[in-house]
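*Asks:* Got a structure for you, written out below as structure tokens; questions coming shortly.
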Amino acid sequence: MRIEKEDLSVQEAAGRDQVHVSITRVCIEEGLLVATDGRILSAREIRKEEGEAFESFLLDAKALKNLRGAGTLEAGTNGCATFRAESGVEINLKKQEETFPQWRRVMPNPEGKETKKVMLSVEYLTRLLKTFKGVDQIELEIIDEETAVSLTGKTPDGRKVQGVIMPCVLR
């Protein structure tokens with residue numbers, strides 16, 4: 001199973017709370033890397049060869065952050081696996097024994113529901129979010145798929161911060 005450098009970005013969603021250790025982990029499951037801190041969740045497909053199957057593993061998010069590079073996940077014996085980074089670092093993994101949050105229960109499933117989808121540029125959204133420094137919460141408003149997406153928040157002293165991003169592809 002090949003894990004690209006970009007795939008490692010899911011660790012940004014992992015928790016940092018050492019009391020709830022399971023959310024400080026990245027779960028490798030069914031061809032996905034999954035991380036959550038209980039508020040945000042990131043799931044990212046990873047490359048696997050046809051017919052390749054793995055049991056679930058948990059990897060410390062801090063260890064992933066330190067890898068800073070691509071690598072391969074190779075199955076071993078007795079439920080173990082090894083992540084071999086291109087940098088030469090190897091991390092031995094044991095089969096998942098800790099309980100990782102049941103993330104599939106909270107993943108939205110729009111099947112049978114009316115939805116509005118707007119494709120946004122990650123670059124522009126990231127730049128826009130940087131203008132919300134000091135804001136704790138942002139309201140995201142999508143009126144329809146042909147209009148800009150509005151983000152609104154307030155600074156701790158009550159000043160309004162507002163941003164707009166235009167959709168790049170309409171669906």
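*Asks:* How do C168, C27 line up, fewest other C-beta atoms within 10 Å first?
*Replies:* Details: C168 11, C27 24.
Fewest-to-most ranking of C168, C27: C168, C27.
*Asks:* Hey, what did the chain get for relative contact order, percent, Cα under 8 Å, at least 6 apart? Walk me through the numbers before you get to the answer.
*Replies:* Numbers: 312 pairs, mean separation 27.2, N = 171.
RCO, the chain: 16 percent.
*Asks:* Something else about it: Per-residue ellipticity at 222 nm for the chain, helices alone: DSSP H runs ≥ 4 residues times -39500 (n - 2.57), over residue total, nearest 500 deg cm²/dmol? Walk me through the numbers on the way to the answer.
*Replies:* Details: 2 runs with 16 residues, N = 171.
Helix contribution divided over all residues of the chain: -2500 deg cm²/dmol.
*Asks:* Most exposed first by the Cβ proxy, i.e. fewest other Cβ within 10 Å, how do T155, T36 rank?
*Replies:* T155, T36
*Asks:* Based on the Cβ-Cβ distance of E114 and D17, what FRET efficiency does E = 1/(1 + (r/R0)^6) give at R0 = 30 Å, to the nearest 0.05? If you can, show how the numbers build up before the last one.
*Replies:* On the way: r = 36 Å, r/R0 = 1.21.
Here the calculated transfer efficiency is 0.25.
*Asks:* Here's a follow-up. Quick check: Cα centre of region 79-127 to Cα centre of region 1-40, how many Å?
*Replies:* 6
*Asks:* Label I142 and R159 with points 7 Å out from Cα along Cα→Cβ: what is the distance between them in nm?
*Replies:* Here the answer is 3.1 nm between the modelled labels.
*Asks:* Okay, moving on. Which far-off residues, 5 or more places away or on another chain, put their amide H under 5 Å from the one on S121, with H placed in the peptide plane?
*Replies:* C168
*Asks:* Hey, another quick one. Could you state the principal axis extents of the C-alpha atoms in region 104-171, from the largest down, to the nearest angstrom?
*Replies:* Principal-axis extents of the Cα atoms in region 104-171, largest first: 42, 29, 20 Å.
*Asks:* Sorted from largest to smallest, which semi-axis lengths in Å does the alpha carbon gyration tensor of region 52-133 give for its equivalent ellipsoid, taking the root of 5 times each eigenvalue?
*Replies:* 33, 22, 13
*Asks:* Let me ask another. Relative to the Cα centre, what is the charge dipole magnitude of the chain, using +1 at the beta carbon of each Lys and Arg, -1 at the beta carbon of each Asp and Glu, and rounding to the nearest 20 debye?
*Replies:* Dipole magnitude for the chain comes out near 600 debye.
*Asks:* Also: So for region 2-105, taking the charge dipole from beta-carbon charges (+1 Lys/Arg, -1 Asp/Glu), which of C80, V21, I46 sits furthest toward the positive end?
*Replies:* Value: V21.
*Asks:* Pairs of lysine in the chain with Cα under 27 Å and at least 8 positions apart or on different chains: total?
*Replies:* The result is 29.
*Asks:* What is the set of long-range amide H partners of D60 at a cut-off below 5 Å, with H atoms built 1.01 Å from backbone N?
*Replies:* Under 5 Å from the amide H of D60: V26.
*Asks:* Averaging the inverse of every distinct alpha carbon separation and then flipping it gives the Kirkwood radius. What is it for region 1-76, in angstrom units?
*Replies:* 12.4
*Asks:* While we're looking at this one, here's another question. What do you get for Rg/Rh of the chain when both radii come from the Cα atoms and Rh is the Kirkwood radius?
*Replies:* Numbers: Rg = 19.0 Å, Rh = 18.4 Å.
A ratio of 1.03.
Read the figures in this text as sums done on the coordinates, not as results from a lab. What you are looking at is a predicted structure, and each value in this text was computed from that prediction instead of being measured. Neighbour counts are summed over all protein chains in view; Cβ atoms, including those assigned to glycine, are modelled from backbone coordinates with ideal geometry.
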